[in-house]
Amino acid sequence: MLDFLKSHQLNIMLSFTGVCAAILIMLLFTKALTRRRRHIVASLELVALLLLYFDRLTYLYEGVLSRTGYVMVRLSNFIVFFMTSAIVFVFNRYVIDLLKDESGMKAIPTRLKVSGALAVTGMVLAVIAHFTGLYYTFDEFNHYQRAAGFAIAYIAPVVASMVQLSVIYRYRKLFGGWIYISLVLFISAPVVASFIQMMLPGISFANIVIVVAAMFLYIFAYLDINEEIEKAHRVEIEGLEHEKTSIRRLFDQTVKSFVNALDGRYVHTQGHSQRVAEYARRIAELDGKNEDECTEVYYAALLHDVGRVWIPDDLVKNLHGLSGDDLERVRKMPVIGSQILSGIEDMPGLDVGAHYHCERYDGKGYPDGLAGEEIPESARIIAAADAYDLMATETDLTPPMPHEIIRERFVAESGQQFDPKYARIILSLMDSSDMDPVRDADAVSTVWENEYYCDEYRERVTSGILVADEPVRIHMQSEIYGEHEKGAPSLILFDSFDQRVHDVPAEIEAYRYTEFGEIWFDGHFVSTSARNMTAVTPDEATGKEGGYTEQIGPGEYEITAYRQKDHLKLDIRTESGIFEFVTALPDTSLYAYIGLTGEHCHVYDITIEKLDVSANEADIPRIAEPVSYIDRLESDLPNVQIDGKRTAVTKGVKIADGLRINFHTMSLPFANLIWHCPHILIYHSDDGEVSGQGYKEYGLIRLNGETRETDERAQNVITVDREDEFGGWDKWKEDNLKGFECEINVRVIQNKITVLTSNAGISIENVTTVMDGEKDLYMAITGDQCAITDIRVR
């Protein structure tokens with residue numbers, strides 16, 4: 001390494017001299033540094049250039065005995081020793097400038113004054129040494145020789161550098177990271193190099209390192225500037241983002257205040273726009289839209305009804321009963337809303353929702369009668385969200401539609417009123433969210449009301465309490481209400497989509513209300529649509545205390561209710577004893593709820609508790625024969641009766657190309673929804689059984705045209721065509737109630753399973769792409785409220 005440096009150091013020195021010259025030229029044009037700092041850095045590079053250039057000349061002219069050689073070797077050595085201290089002096093000025101610039105320091109630290117004085121002393125000593133031979137001498141051959149005082153030449157620069165280093169460390173927090181590194185490097189590297197050079201004569205190691213450090217001083221200064229620029233840019237961007245957020249927040253608050261004021265004019269529209277906007281954003285997210293697109297959809301939905309400001313109050317309150325000129329005026333609302341919003345140029349998509357949200361996918365909407373994808377995508381999303389909220393929200397004219405009816409509307413109107421893609425997303429949201437809690441057996445533990453007053457009979461009826469196979473216990477207190485001599489609670493057994501009792505014919509139809517019977521706590525009852533009801537009075541139930549140990553007091557009642565299939569039993573404890581009521585429901589497909597009511601009574605301290613036991617058939621005496629809808633011909637597979645959603649399923653059949661399954665299907669008598677029909681199940685399990693060991697589900701195809709959502713296990717793509725014979729969904733339900741023959745054909749190509757079937761005018765082609773490599777797949781038939789018989793496998 002030493003031999004390499006000795007043989008190539010002149011070339012190295014010349015190269016670094018050129019670099020310093022290039023830096024000097026660049027400093028003439030730079031605008032990034034302040035003028036004062038530019039001058040100081042330029043001075044530093046100039047001194048470094050002279051130091052290294054003349055150090056190189058000392059080697060070139062050493063031993064040259066001409067007059068030029070005599071002069072140049074002495075001049076060069078003088079400049080080298082002089083510039084060694086000069087560069088320390090200029091660096092001192094650079095540190096002072098940094099401190100003034102970074103901290104606004106006015107008084108120069110004393111230690112920097114000392115280091116500056118030491119640097120000047122070093123330059124003076126270099127002049128003295130040149131004439132006295134203190135540092136070096138020359139022999140008769142014009143060769144450089146170190147003198148006895150050579151070490152003195154390094155005292156002033158080294159000590160000054162150490163002083164500078166102490167100042168730099170003291171104020172290190174004022175410097176940027178790159179600047180601090182360059183300062184420490186500029187001082188420490190030459191000092192170390194100087195000690196090395198004292199032990200290695202003949203190599204200008206220290207001077208080369210000084211020049212390299214000076215070069216890095218320039219480079220690191222620019223790195224620091226770049227970092228400051230990037231920091232300033234980040235601050236500017238953050239400021240702009242903050243400003244943008246503030247503007248967006250102001251816009252959001254302004255828009256929400258406006259639409260809340262607009263919606264708040266009428267009880268039945270309060271919160272409508274906000275809910276529609278939230279639904280629309282969720283639909284857009286599930287459709288894979290990015291954040292900006294979702295935000296655009298959100299605000300377009302928030303303002304979709306802005307044209308309502310043009311509609312008189314008397315028309316808005318009666319939108320469903322308009323005709324003639326009034327109807328035409330209301331139909332202009334989308335156009336008016338679009339005109340209002342079209343002037344907001346920074347958010348050009350706002351007017352789309354207002355203008356097109358009343359269009360229908362089948363082209364029968366307004367104002368322009370657009371169809372399919374002619375309708376802007378955001379408007380198709382808003383149309384679905386708007387319709388959902390209108391159906392799910394109570395108005396001053398109508399109660400909210402039941403969950404099942406809303407779902408059925410979206411199934412029926414997919415491809416008609418709604419874009420099928422967004423109808424499917426709405427259905428997915430409804431199926432996955434807790435929007436239908438009354439059909440959940442866990443709902444029995446919820447206290448809906450803890451007291452009620454009832455003057456006339458059935459004047460007040462509580463929300464229903466679900467009766468399931470896990471017993472539920474209801475405890476309450478009762479007293480006579482008003483100036484009556486007698487009064488007592490009673491209960492109603494019923495089924496309803498909304499878990500409530502209904503008396504209005506339109507509501508009975510809408511909520512599919514079925515009343516099984518009424519029970520009084522004195523032992524008598526009225527059977528309405530139950531197949532049979534019986535009661536056992538305390539006299540008949542002597543000795544039957546059911547494990548109860550606590551006595552029950554006056555006005556205190558306790559009901560224990562449980563169910564097995566189509567039978568349910570109520571044990572009612574009163575002061576007089578225990579009454580046992582058994583009810584045979586029309587069939588097993590119906591739910592059963594208890595609604596508390598009474599006459600001339602105040603019922604309070606109502607508690608509901610689900611018992612940690614399960615009922616069995618032996619606990620409830622059977623008072624009617626089981627209802628079976630599968631007493632028909634049985635073929636390759638056993639018949640199955642499916643009383644509720646996937647409560648039963650056929651045996652599995654191994655899937656292979658060319659598989660064909662024929663069967664007879666019939667909806668159960670109380671089935672009343674579109675999806676009360678067979679479902680085709682594609683799955684895997686180790687034993688081929690549904691829910692067996694290693695069970696994985698890949699596809700679920702309802703014969704009404706719904707399919708399982710795509711996930712990481714399988715992709716399902718369904719094509720549904722309504723054939724000429726399709727007479728509408730009411731006709732579809734009638735056909736299912738009558739029953740018909742069904743054929744399923746299967747095609748298998750590699751990992752794609754195609755299922756083909758056509759029933760009652762609905763033609764289905766569903767392609768299931770298996771994504772996880774599973775080969776052993778099975779098919780079974782399940783469904784909801786239907787009977788599957790005469791199953792033939794080919």
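The values are calculated or read from the model by the stated rules, or taken from the named source; none is laboratory data. Keep in mind it's a predicted model, so treat the numbers as computed, not measured. Heads up, the Cβs are rebuilt from the backbone with ideal geometry, glycines too, and the neighbour counts pull from every protein chain shown. Side chains included, ligands, DNA and RNA excluded: accessible areas come from the protein's heavy atoms. Shrake-Rupley method; radii C 1.70, N 1.55, O 1.52, S 1.80 Å.
Things to note:
- Residues whose amide H falls under 5 Å from that of Ser529, counting only those 5 or more places apart or on a different chain, are Phe516, Gly517, with hydrogens built in the peptide plane.
- Computed E for Arg234/Ile552 - FRET, C-beta separation, R0 56 angstrom, nearest 0.05: 0.15
- Theoretical FRET efficiency, 1/(1+(r/R0)^6), r = Cβ-Cβ of Glu634 and Leu756, R0 22 Å, to 0.05: 0.30
- Couplings 3J(HN,Hα) for region 662-673, derived from phi with the Karplus relation 6.51 cos²θ - 1.76 cosθ + 1.60 (θ = phi - 60°), are 10, 7, 9, 10, 8, 5, 5, x, 8, 5, 8, 10 Hz, where x marks Gly and Pro.
- Rounded percent of accessible protein surface that carbon and sulfur make up, the chain, 1.4 Å probe: 53 percent
- Between helix 420-432 and the chain: long-axis angle, C-alpha atoms, 0 to 90°, nearest 10: 80 degrees
- A cut-off of 5 Å between modelled amide H atoms, ignoring neighbours fewer than 5 places along the same chain, links Lys610 with Arg473.
- Filter on Lys256/Lys332; Lys31/Lys173; Lys421/Lys752; Lys100/Lys173; Lys421/Lys696; Lys569/Lys610 - keep pairs with C-alpha separation over 18 Å: Lys256/Lys332; Lys31/Lys173; Lys421/Lys752; Lys421/Lys696
- For region 211-310: relative contact order, % (alpha-carbon pairs under 8 angstrom, 6 or more apart): 22 percent
- Peptides ranked, highest mean first, by Cβ atoms within 10 Å: ranges 243-250, 142-149: 142-149, 243-250
- Relative contact order [Cα under 8 Å, 6+ residues apart], region 40-139, whole percent: 28 percent
- Near Leu637, the amide H atoms lying under 5 Å from its own belong to Ile791; only residues 5 or more places off or on other chains count, and H is placed 1.01 Å from N.
- Dipole moment magnitude, nearest 20 debye, region 457-604 about Cα centre, only Lys, Arg, Asp, Glu C-beta charged: 360 debye
- Under 19 Å of direct C-alpha separation, and excluding same-chain neighbours fewer than eight residues apart, Lys244 reaches these aspartates and glutamates: Glu236, Asp252, Glu291, Asp292, Glu293, Glu296, Glu345, Asp346.
- For q = 0.05, 0.07, 0.08 Å⁻¹, Debye-computed log10 I/I(0) when each Cα of the chain counts as one equal scatterer: -0.56, -0.73, -0.82
- Between helix 205-263 and the chain there is an angle of about 30 degrees, using the helix long axis and the longest principal axis of the Cα atoms.
- In sequence order, calculated HN-Hα J values of region 271-277 (Karplus, 6.51, -1.76, 1.60; Hz; x Gly/Pro): x, 4, 5, 5, 5, 4, 5
- Helix 177-199 and the long axis of the chain differ in direction by around 40°, with both axes built from C-alpha atoms.
- You can think of it this way: the chain between Asn11 and Val127 has 38.9 nm of extra reach, that is 0.36 nm per residue less the Cα-Cα gap.
- Farthest toward positive dipole pole in region 168-311 [+1 Lys/Arg, -1 Asp/Glu at C-beta], among Ile168, Ile237, Ala189: Ile168
- Region 11-73: trypsin sites (Lys or Arg not before Pro) in DSSP coil with no more than 13 other Cβ atoms inside 10 Å: Lys31
- Fraction in percent of alpha-carbon pairs per bin - 5 Å, region 1-158: 2, 9, 14, 16, 18, 16, 11, 7, 4, 2, 0, 0
- Prolate/oblate/rounded label for region 486-630 (Cα gyration tensor, a/c 1.5): oblate
- Phi angles of region 643-648 translate, via the Karplus equation with coefficients 6.51, -1.76, 1.60 and θ = phi - 60°, into HN-Hα couplings of 7, x, 4, 6, 7, 8 Hz per residue; Gly and Pro are given as x.
- Think of a 1.4 Å ball rolled over the protein heavy atoms: region 168-306 then has 53 Å² of accessible area per residue.
- Measuring nothing but how far apart in sequence close Cα pairs (under 8 Å, 6+ apart) lie, relative to its length, region 627-778 scores a relative contact order of 26 percent.
- Of Ala214, Ser463, Leu98, farthest towards positive along the dipole that unit charges on Lys, Arg, Asp, Glu beta carbons give the chain: Ala214
- Segment Lys775-Asp139, length gained on full extension (0.36 nm per residue, minus Cα span): 219.3 nm
- Theoretical ellipticity at 222 nm over the chain - DSSP helices of four or more residues, -39500 (n - 2.57) apiece, nearest 500: -14000 deg cm²/dmol
- Pairwise FRET efficiency - Phe258 versus Glu328, Cβ, R0 = 35 Å, nearest 0.05: 0.85
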